[in-house]
1. Report whether or not G72 is farther than 29 Å from A195 by Cα, of a type outside the set (A, V, I, L, M, F, W, C) and free of Cβ contacts under 8 Å to residues at least 60 places away in the same chain.
2. Residues D140, D157: which one is out of contact with any strand residue (DSSP E or B) (no Cβ under 7 Å at 6 or more places or on another chain), open to solvent by 10 Å² or more (accessible area, probe 1.4 Å) and closer than 30 Å to Q205 by Cα?
3. Of the conditions (1) in contact with a Phe, Trp or Tyr (Cβ under 7 Å, 6 or more places away or on another chain); (2) hydrophobic (A, V, I, L, M, F, W, C); (3) surrounded by fewer than 18 Cβ atoms within 10 Å (Cβ to Cβ), L192 clears all except one; give me its number.
4. Given the options T121, T175, name the one that is open to solvent by 10 Å² or more (accessible area, probe 1.4 Å) and touching a residue at least 12 places away in the same chain (Cβ under 8 Å).
5. Please enumerate the residues belonging to the range 202-251 that are loosely packed, with under 15 Cβ neighbours inside 10 Å, in contact (Cβ under 8 Å) with a residue 12 or more places away in the chain and at positive phi.
6. Criterion first (of a type in the set (G, A, S) and either open to solvent by 80 Å² or more (accessible area, probe 1.4 Å) or in contact with a helix residue (DSSP H, G or I) (Cβ under 9 Å, 6 or more places away or on another chain) (or both)) does G61 satisfy it?
7. Tell me, which strands (runs of 3 or more DSSP E) wholly within the range 183-266 include 2 or more residues that are under 27 Å from W29 (Cα atoms) and in contact with a strand residue (DSSP E or B) (Cβ under 8 Å, 6 or more places away or on another chain)?
Amino acid sequence: MVMPYTLHAEHARLEVVPERGGLITRWRWHDHELLYLDRERFAQPELSVRGGIPLLFPICGNLPENLFHYGGHTYVLKQHGFARDVPWQVLDQQSDGLRLGLRDSEATRQVYPFAFQLTLTYQLRANALGISLEVANPADTPLPFSFGLHPYFAVNDKRQLSFDLPIHAMVDQKTQQPLTFAGAFDWRAPELDLACRPLHGQRAQVCDRQQQYCLTLRYDPAFTTLVFWTVQGKPYYCLEPWTAPRNALNTGVDLLRVPPQSHITLGVEIAVAAANAPQ
């Protein structure tokens, strides 16, 4: 059984399991459990985790038939990439922070033929969680990738959620039907899988009127897409900042590229506050 690393800040607690994809498994704020985790699924390492905050790298979403083409070769890369499934190395731990590392290996190069060095930093504060990823390219050719977060936010009654999102348009990722966003979602649908883009701001907020708190996501301009996903009857919703839409590794749309012998850093902050507090 893997044991989590625990971070503390004033009235906040965070648990991280580096061995399972660097996954944040728990975030407690005052008396609120902010994240959902399917613990039965988590206990089966052969299954992708459903819950917490999985890390999406080097792709977000899936590729057609899980294939991408590079340098005259075809590679099989499964949905959301491999970072959420492999062990990360602990580089440094403080009472309120944790730094993890991941680099390419023979196994990763079989599905993604690039050298990389990732440094992930979690910083817990009383009312916020900071997540930053440094992507370094030690090779002599550009490093193409996408990065995203897949937080599973806990909710008891989705009808009590209110949204302030920087979007007008979205696409149903199941049917490819274009839709408009008018401030609410249709909770009667068996599943909602919506890619929201373009974004007209770097802030998105969801308030839970039943639990009386609001979550505010702030993300770097490199994040061009928000994905909203939930399943009817499940006590979670996912609001996911992605740097690129699905299949960017093939299409090049919003694909990030790290120059040779260089690096870039991407950041997301998730803040939490009482619903009546200034945001």
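1. So G72 fits the description; yes.
2. Values: D140 fails: closer than 30 Å to Q205 by Cα.
Being out of contact with any strand residue (DSSP E or B) (no Cβ under 7 Å at 6 or more places or on another chain), open to solvent by 10 Å² or more (accessible area, probe 1.4 Å) and closer than 30 Å to Q205 by Cα holds for just one of D140, D157, which is D157.
3. Condition not satisfied by L192: (3).
4. T121
5. Result: Q212, single match.
6. Values: of a type in the set (G, A, S): yes; either open to solvent by 80 Å² or more (accessible area, probe 1.4 Å) or in contact with a helix residue (DSSP H, G or I) (Cβ under 9 Å, 6 or more places away or on another chain) (or both): yes.
Yes.
7. Numbers: elements: 191-196, 203-208, 213-219, 225-231, 236-242, 256-258.
Fully inside the range 183-266 and qualifying: 203-208, 213-219, 225-231, 236-242.
The values are calculated or read from the model by the stated rules, or taken from the named source; none is laboratory data. Since the structure is predicted, the reported quantities are computational estimates derived from the model, not experimental observations. Glycine gets a Cβ as well: all are built from the backbone with ideal geometry, and neighbour counts include every protein chain shown. Side chains are part of the model used for accessible areas, which takes the heavy atoms of the whole protein and leaves out ligands, DNA and RNA. Shrake-Rupley method; radii C 1.70, N 1.55, O 1.52, S 1.80 Å.
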